[in-house]
Amino acid sequence: MKKVFRSFTSPTFLALIYFSVMSVVMTYPLVAHMGSMAPGAGGDGSYFIWLVAWYQKALFQLKVSPFFAPQMNYPQGWNLATTDITPAMVAIALPGSLLFNPTWGYNFSMLVSFILSGWGMYLWVKHLTGEEWAGLVAGTVFAFLPYRMAHLLVGHLNLMGTQWFPFYFWGLYDLLKQEEFKWKPVLMAGISAGLIGLTSPYY
């Protein structure tokens with residue numbers, strides 16, 4: 001029981017709680033309208049909400065590839081792989097979409113991007129410096145950059161997916177400075193780079 005208590009009071013876990021609370025506060029009133037309203041709706045946000053809905057329908061109802069939409073540009077159909085389909089961010093959105101609706105899933109994915117971007121940067125900077133406060137400051141700055149807030153407001157689900165970058169640079173940094181080869185930084189950098197590629201071709 002003491003071990004469980006220590007886990008829930010560890011600085012790393014408390015930092016995750018901090019970034020979760022801060023994300024709710026900084027994006028308010030998003031949390032109060034998860035299933036009914038979305039930032040950026042009417043612009044690119046509408047496309048990404050539709051994309052979440054299409055992934056859900058293609059994968060779980062039609063059992064077809066979500067990367068081709070036959071109903072678009074009929075009768076030719078539309079190869080979605082020629083545009084920004086952000087499968088990594090849609091994967092985060094799908095559980096909420098299945099449980100509630102695509103708008104809820106879209107908003108959840110947006111919210112998670114704040115939490116994980118801040119927490120990921122916190123972990124990396126803490127690893128670099130050994131300082132909890134340095135990690136908290138760096139994570140807060142990174143998670144709530146004006147760049148990210150602007151993309152939230154215009155509904156760019158793809159460009160909100162910055163949570164993989166701290167882990168990529170963490171792995172790359174450790175890989176370049178290691179004296180004895182280890183697989184951990186290779187896997188961290190490689191998997192994170194793959195997730196970045198599956199988030200947006202812009203990145």
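Filter the stretch 146-166 for residues that are open to solvent by less than 90 Å² (accessible area, probe 1.4 Å) and over 24 Å from Val52 (Cβ atoms) and give the result. So that I can check it myself, show each step before the final result.
Initial filter on the stretch 146-166 (open to solvent by less than 90 Å² (accessible area, probe 1.4 Å)): 148-152, 154-166.
Of everything in the stretch 146-166, just one residue is open to solvent by less than 90 Å² (accessible area, probe 1.4 Å) and over 24 Å from Val52 (Cβ atoms), namely Pro166.
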Unique residue being in contact with a helix residue (DSSP H, G or I) (Cβ under 9 Å, 6 or more places away or on another chain), open to solvent by 10 Å² or more (accessible area, probe 1.4 Å) and free of Cβ contacts under 8 Å to residues at least 12 places away in the same chain when the list is Leu99, Leu111
Leu99
Within the set of pairs 6 or more residues apart or between chains, which connect a residue that is among the charged types (D, E, K, R) inside the stretch 162-184 to a residue that is surrounded by fewer than 21 Cβ atoms within 10 Å (Cβ to Cβ) with Cβ atoms less than 6 Å apart?
Asp174/Pro185
So, in the stretch 98-137, of the ones that are closer than 18 Å to Thr199 by Cα and among the hydroxyl-bearing types (Ser, Thr, Tyr), which residue ends up nearest to the chain's Cα centre (by Cα)?
Ser113
Within the bounds of the stretch 155-164, is there any residue that is among the hydrophobic types (A, V, I, L, M, F, W, C) and part of a helix (DSSP H, G or I)?
no
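Residues are listed down the side, and each one gets a yes or a no for (1) small (Gly, Ala, Ser); (2) part of a loop (DSSP other than H, G, I, E, B):
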| site | (1), (2) |
| --- | --- |
| Tyr28 | no, yes |
| Val31 | no, no |
| Ser46 | yes, no |
| Gln61 | no, no |
| Pro66 | no, yes |
| Gln71 | no, yes |
| Ser97 | yes, no |
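I'd like the full set of residues that are in a helix (DSSP H, G or I), open to solvent by less than 30 Å² (accessible area, probe 1.4 Å) and closer than 14 Å to Trp164 by Cα, limited to the stretch 73-91. Write out each step before concluding.
Residues of the stretch 73-91 in a helix (DSSP H, G or I): 80-82, 87-91.
Still in the list and also open to solvent by less than 30 Å² (accessible area, probe 1.4 Å): 80, 88-90.
The answer is Ala88, Met89.
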Quick one: Met34 ticks every box in (1) under 27 Å from Ile191 (Cβ atoms); (2) in contact (Cβ under 8 Å) with a residue 40 or more places away in the chain; (3) open to solvent by less than 70 Å² (accessible area, probe 1.4 Å) bar one, so which box is it?
(1)
If you go through Leu59, Leu51, Leu94, the only one that is aliphatic (A, V, I, L, M) and either surrounded by fewer than 17 Cβ atoms within 10 Å (Cβ to Cβ) or modelled with pLDDT under 95 (or both) is Leu59
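The values are calculated or read from the model by the stated rules, or taken from the named source; none is laboratory data. Bear in mind the structure is a predicted one, so any value in this text is a computation, not a measurement. FYI the Cβ positions are ideal-geometry reconstructions off the backbone, even for glycines, and counts take in every protein chain you see. For the accessible areas, the whole protein counts, side chains as well, though only heavy atoms, and no ligand, DNA or RNA atoms are used. Shrake-Rupley method; radii C 1.70, N 1.55, O 1.52, S 1.80 Å.
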